[in-house]
Structure formats: C-alpha cells, structure tokens
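The structure under discussion appears below in the form of structure tokens.
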Amino acid sequence: MWAYIVRRVALASLAIAGVLVIVFFLSHIIPGDPVAAILGPQAPNDVIEDLRRRWGLDRPVHEQFVRFVVRLARGDLGDSLATHRPVIRDLREFFPATFELATAAILIGALTGLAVGVVSAVARGRPLDHAVRFLSLIGLSMPVFWLGLILLYIFYYRIPLLPGPGQLDIFIARPPWVTGMITVDALLARDGGALINALGHLLLPAVVLGSHALVGIARITRASMLEVLGQDYVKVARAKGLAERTVILKHALRNGLLPIITVIGIYYGGLLEGAVLTETVFAWPGLGRYATSAILSQDFAAIMGVTIVIALIFSLANLIVDLAYGLLNPKIRYE
Amino acid sequence: MNDAVAAVPTVPAQRAHRRALLARALGNPLSLAGLLIIGALLLISVIAPLIAPYDPLVTDVPRRLEAPSDAHLFGTDALGRDILSRILYGTRISLRIAILTGVIATLLGAPLGLISGYFRGRVDDLVMRVTDMFMAFPRLILAMAIAAALRPTLENVVIAISLAAWPAYARLARAVTLGLREENFVEAARALGASPARILARHIAPGVISPLVIQVSLDMGGIILTAAGLGFIGFGAQPPTPEWGLMISEGRTYITNEWWVSTFPGIAISLVVLGFNLLGDGIRDILDPRLRSVRG
C-alpha cells in the first residue's frame, strides 16, 4: 500500500507541476499590463517602467518562470500585485473561509443526501421515489449562482429570516483569529452571539454550495441501496424477523456505504469549483473570490499561489478517496 | 486506472442496439419530456426573430426596470431592454456554445484517446499524464484562466471549456479502443496488412463514436452551466450580448426590488439544462439498469 501511495503522490506532483507550467504561461499571455492597471491612467511612463523592472516583469517570460521556480523552492510565493502583501499571507487568510464553507456544504449535502437516498430506495417505484427523482433533476439543473441569488432574495430581502451576504454582521466583533474559521473561533472564544450570527451567515451559502453534492449523493445512495437490498443476507435478515428499520440501517446501508463514501469524497474536492460562484454571490472572502480577482487583475503571484493550493487540495481529495476505498473494501489491493 | 474493458459489441450489433436504445428513450416519459424541451429550444433559436416582441439590443431608458406587464411579459432590464426578447435570442447563444464545445472537445480528445489506446507504450503514458494534469484542476477555474488569457468573448468561452473538457473524452475513447483492438475483426484487418491509420479510422473509430456521443449528450447540461457561470463572473460573453449568465449578473444589483431581471434568465437556463438532464437520465437508465426506477 505504501508503494501505491508513493507512486500516486509522485504522479500527482507531476500533474501539479504541469498545471503550474500551463497556468504560468497562460497568465503571462493575458493581454494588458498589470502595472499600468494598478498605477492608473495618469501614471507617467518612467514610473511604470521602473516598477516593471523592480518586479522583474520586463524580463522574458521563460526567465520569469525560472525565477518563480527558484523562489518557490524556497517556499516564497512572492508578493501580490493587488494586495501588496505576501501571497502566502493572503492564502492563509482566505483559505479557512473556503474550508469552513465547503465543510458545512458537504455536511449538509451528505447527511441530507443519505437520508433522501435511503428513503427513495425504500419507496422504489412509488410516487415519493418519482417526486424525489424529479426534484433532484431540477436541483441539478439550476445554476448555483442563480439559486444563491434567489434564496438571498427570499430569505433575506423578502422574509428577513437570515442574515445577508458576508461572514458576520458588521456590528458584531470578529472573535480572535485562531483557526480563521469564524464559527470555530467563536466557539473557542465562547462567544455565543458571534457563533449564532456566523452560523446564520453560513447556512445559505452552504446549502447552495452543497446542493449539487446533495443530489449526487442521494442518487448514488439510492442506487447502492437498491443493489444491497436485493442481496441474500438482507432476505435472511428479513426472514429472521428483524425490524425493517434494523434491516435497512444495519444490514443494507452499512454494506452499501462504500460507493457512497467515494462519491462524497469526489464532491468534496469538486466543491472548490462551486465555491468560485457561491463566494461571488454571497461576498464570502474565500479562495474562490481570491482566484477570480487575481485572474481579473492579472495578479501573477496570486494566480500561481492560488493554483498551487487548489491543485494540492484537489489531488489530495482524490488520493484520500482512493485510499478510503481500499480501507472500506479489503478485497481491493493496491499495486 | 482500470485498463480492462468489457467485450465491446461489433458495429452492426451496436447499430441495432442504438436503434433499440432510441426507441426506449422515446418510450420513457422523462426522457421524452427532455427531448421535447430540447426540440422547443432548437425551434425557438431558429424562429427567435419572428416571435421576439422587441429587438434584444435596443435600449429604452425611460422604460427601464419595468415590472412584467402585457407590453413586457418578463419586464425590462436596467437599460429598458425587453427581457423576454433577450431570453429568446439567448437560446441561440446557449445552443451554439453547447454544440460547438461538445464537438471541439470530442475532436480534441477522441483522436488522442484512439492513438494512445491503440499504440499503448510511450505515447499512451504521455497522453495519460497530460490528461492527469488537466484533471488535477477544477474545470471551471481552468476555463476561467484560459478565457481570461484569450480575452473574454463567446468564441473564447467555447475554446476555454473545450480545452478544459477534452481529457474526459480522450480517456473514454482510450478505454473503448483498448477493448476493440483485441477484437477478432481488428486482428483480421491487421493480418490483411491494413495500416494502423486505416484500422483506426475504419475499424475502431466507428465503435468509439457511439459511447462518445452518449457521453457528450450527458455532459451538455454541465457545459451550459459552466458557460453561464463564466458569463456570470465576467469571463464570458460581454455586454450587450443577451447571454443568460451575463443577464443574471446584470440583474444582481436589482435583486431586492426588480427581481425579474435575474429571475427569468435563471429559469431559462434551468429549463434548458433540465431538458438535457432528463434526456441524459433516460439514456443512463437504459444503459445502467441498476438505476432504473421501476423494475422493467
């Protein structure tokens, strides 16, 4: 198994290195001049030239790439052109918000998805099953950013049940920074008011971001349950006179869990993609928004930094899924 | 990854299979509904100029942000343009993006998959590592970077999504090719002295096409959503194009009071994607009986 892990990590590193090369050259062929954009149209030419030279932007692209790799080897991602701070610091600040949002989203998606999937498998072919199936297709068809806007409109503007965009109301003091995740920090600081407010802010974006995962998990749960429910040991359990509840939860669900867990892992990695759109709608200060603004302002160092983080998370999630598969099913052997 | 592929049926068997598949897809009410939605979409995109009540680009600032009424069924946007007309014309954009992207991504991916599956060895390793690279990164974010590098226009949205989407098709084509190359009819062609190019084009490619077409049709909804997402965050179509994602983004500021500006384009996207998903679900149902809702 260790040999397998080493091989997978090597392949993933190779892939990430490739992604870095692609994104580096892509971001450097973006037409336009980031320096001129930052300094504004009134900046004199010699000031622009001076700054370009200081940031090394006047060098040929391949030379800039070598410089980038040398710096990266020392763990230095450079400074963001837009925030004028080390990119590492920016990432450390934006990552927890995305992690918090994605974790809340997958919790909502997985728990609800499991429940819905089990219920519709048990109700197979009945109206409830059809209704669930149709609703989940509709859910899959809605653009997440639009769903976010509509939910904000309903639950914030129309019926003010929930707080609006952002992570906290402005009149609530942010709990001291420990993990960077506001709900966790509020819990650590025993600040009940901030915790409740933060949870309120978290709910809508997490539901929106988790919606596609919910549908996917519900579908695979249903399929997996249907397969397991047809097995002999389930018939035996029923023949023994066990309660239907026990049969479904203990005999069927436990054995049907393997493909479900794989799908949960895949969706967890994929949430990064939805995070870009969800964070834009809910003004959530996370990696997705950081990536968007970095690309829009041609902030090279920030683009590269965010690329590394996203590719790392994505590859790690895939690796964990594959390993979890082996742990749950001893029949699978890694070579 | 999984190199072994189940025995692949021969071309005539596939053809018969395809016909049976189509017949069953039409028999299933959900996929029939999907087909009807897509048919309506095609029809609207063709006759948009005939049925649209207004020019989608003409502004009428005095009548900006009017609520839905008899004159403007879906209301007007911030520049007084008729939202219904913009949505009707928008069908052309969504369809064009979806179809072109499907075609280009397949044309990029399929030949690479064929070659890598047929010749194996070094070429195969290289192609697979390149697909690993593309798949080590979320598709939307990769498309964002590509679209930004190329300048945000509709054509570049197509290129960006195609470049981000081809690896999946290359892998599928490779997997099918791996199975086909061991078949007797390929062996026979090789024994008769057919060149690899001829074997690939005449004997293997026909068998790869139908799984690819099915996969692309399953992905259509996702492609439309990705394109709308790019439009929404500003990496796609630019104003004044009546692209649905962009229209939702333009209506964002007015969501508190003028809800109709963002709501109707969103319903349009959902409906079209639903059409593709219903059809895809029907196809998947037929291919994978385990997921079927009623024992059949």
Would you list the helices (runs of 4 or more DSSP H) that sit entirely within region B:204-296 and hold 2 or more residues that are more than 25 Å from A:Ile150 (Cβ to Cβ), more than 10 Å from chain A (Cβ to nearest Cβ) and of a type in the set (S, T, N, Q)?
-> B:205-233
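Yes/no per residue for (1) within 14 Å of the chain's Cα centre (by Cα); (2) part of a helix (DSSP H, G or I); (3) farther than 30 Å from A:Val144 by Cβ:
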| position | (1), (2), (3) |
| --- | --- |
| B:Asp70 | no, no, yes |
| B:Phe74 | no, no, no |
| B:Tyr89 | no, yes, no |
| B:Ser94 | yes, yes, no |
| B:Val103 | yes, yes, no |
| B:Thr131 | no, yes, no |
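Of B:Leu88, B:Leu114, B:Leu108, which residue is surrounded by 21 or more Cβ atoms within 10 Å (Cβ to Cβ), away from chain A (no Cβ under 14 Å), within 30 Å of A:Ile16 (Cα to Cα) and not basic (Lys, Arg)? Show your work before the answer.
Numbers: B:Leu88 fails: within 30 Å of A:Ile16 (Cα to Cα); B:Leu108 fails: surrounded by 21 or more Cβ atoms within 10 Å (Cβ to Cβ).
After applying the criteria, what remains is B:Leu114.
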Only helices (runs of 4 or more DSSP H) wholly contained in region A:146-261 count here; list those with 2 or more residues that are in contact with a Leu (Cβ under 8 Å, 6 or more places away or on another chain) and surrounded by 19 or more Cβ atoms within 10 Å (Cβ to Cβ).
-> A:182-188, A:192-229
Output the residue which, of all residues in region A:20-39 that are at pLDDT below 75 and surrounded by fewer than 18 Cβ atoms within 10 Å (Cβ to Cβ), is farthest from the other protein chains (Cβ to nearest Cβ).
-> A:Leu39
Got a number for residues in region A:281-293 being surrounded by fewer than 24 Cβ atoms within 10 Å (Cβ to Cβ), in contact (Cβ under 8 Å) with a residue 40 or more places away in the chain and not in a loop (DSSP other than H, G, I, E, B)?
-> 2
Can you name the condition, by its number, that A:Leu296 falls short on among (1) buried (at least 23 other Cβ atoms within 10 Å of the Cβ); (2) free of Cβ contacts under 8 Å to residues at least 12 places away in the same chain?
-> (1)
Region A:236-286, residues that are of a type in the set (Gly, Ala, Ser) and at negative phi | A:Ala237, A:Ala239, A:Ala243, A:Ala252, A:Gly256, A:Gly265, A:Gly269, A:Gly270, A:Gly274, A:Ala275, A:Gly286
Within region A:95-132, work out how many residues are within 14 Å of chain B (Cβ to nearest Cβ), of a type outside the set (Val, Ile, Thr), within 24 Å of B:Leu225 (Cα to Cα) and crowded, with 19+ Cβ neighbours inside 10 Å.
-> 1
Kindly list the number of the only condition in (1) part of a helix (DSSP H, G or I); (2) modelled with pLDDT of 85 or more; (3) among the aromatic types (Phe, Trp, Tyr) that fails for A:Tyr268.
-> (2)
A:Ala173: passes all of (1) facing chain B (nearest Cβ under 10 Å); (2) modelled with pLDDT under 90 but (1)
If you scan region B:60-93, which residues turn out to be in contact (Cβ under 8 Å) with a residue 24 or more places away in the chain and out of contact with any helix residue (DSSP H, G or I) (no Cβ under 7 Å at 6 or more places or on another chain)?
-> B:Arg81, B:Asp82, B:Leu84, B:Ser85
Within the set of pairs 6+ apart or on separate chains, which have a first residue in region B:178-201 that is modelled with pLDDT of 90 or more, a second that is assigned to a helix (DSSP H, G or I) and surrounded by fewer than 17 Cβ atoms within 10 Å (Cβ to Cβ), and C-beta atoms under 7 Å apart?
-> B:Ile199/B:Arg190
Have a look at B:Ile267, B:Ile224 and point out the one that is surrounded by 22 or more Cβ atoms within 10 Å (Cβ to Cβ) and modelled with pLDDT of 90 or more.
-> B:Ile224
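Can you tell me which residue in region B:126-136 is surrounded by the most Cβ atoms within 10 Å (Cβ to Cβ), limited to those that are more than 13 Å from B:Trp166 (Cα to Cα) and within 11 Å of chain A (Cβ to nearest Cβ)? Let's see the steps before the verdict.
First, the residues of region B:126-136 that are more than 13 Å from B:Trp166 (Cα to Cα): B:126, B:129, B:136.
Of the ones still in play, those that are also within 11 Å of chain A (Cβ to nearest Cβ) are B:129, B:136.
On the way: B:Arg129: 13, B:Ala136: 23.
Once the filter is applied, the top-ranked residue is B:Ala136.
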Please find, among A:Gln64, A:Gln42, the residue that is of a type in the set (S, T, N, Q), in a helix (DSSP H, G or I) and more than 14 Å from chain B (Cβ to nearest Cβ).
-> A:Gln64
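If I filter region B:39-46 for residues that are over 26 Å from the mean Cα position of the chain (by Cα) and farther than 30 Å from B:Leu287 by Cα, do I get at least one hit? Don't jump to the end; show me each part of the working.
Just the residues of region B:39-46 that are over 26 Å from the mean Cα position of the chain (by Cα), to begin with: none.
Looking for residues that are over 26 Å from the mean Cα position of the chain (by Cα) and farther than 30 Å from B:Leu287 by Cα, one finds none in region B:39-46, hence no.
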Of the conditions (1) over 30 Å from A:Gly56 (Cα atoms); (2) touching a Pro at 6+ places or on another chain (Cβ under 7 Å); (3) more than 9 Å from every other protein chain (Cβ to nearest Cβ), the single one that A:Ser297 does not satisfy is (1)
Kindly provide the set of residues from region B:143-154 that are facing chain A (nearest Cβ under 8 Å) and either under 12 Å from A:Ile310 (Cα atoms) or in contact (Cβ under 8 Å) with a residue 40 or more places away in the chain (or both), ordered by number.
-> B:Met144, B:Ala148
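The values are calculated or read from the model by the stated rules, or taken from the named source; none is laboratory data. These numbers come from a predicted model, not from an experiment. Methodologically, a virtual Cβ is constructed for each residue, glycine included, from the backbone with ideal geometry; neighbour enumeration extends over all protein chains shown.
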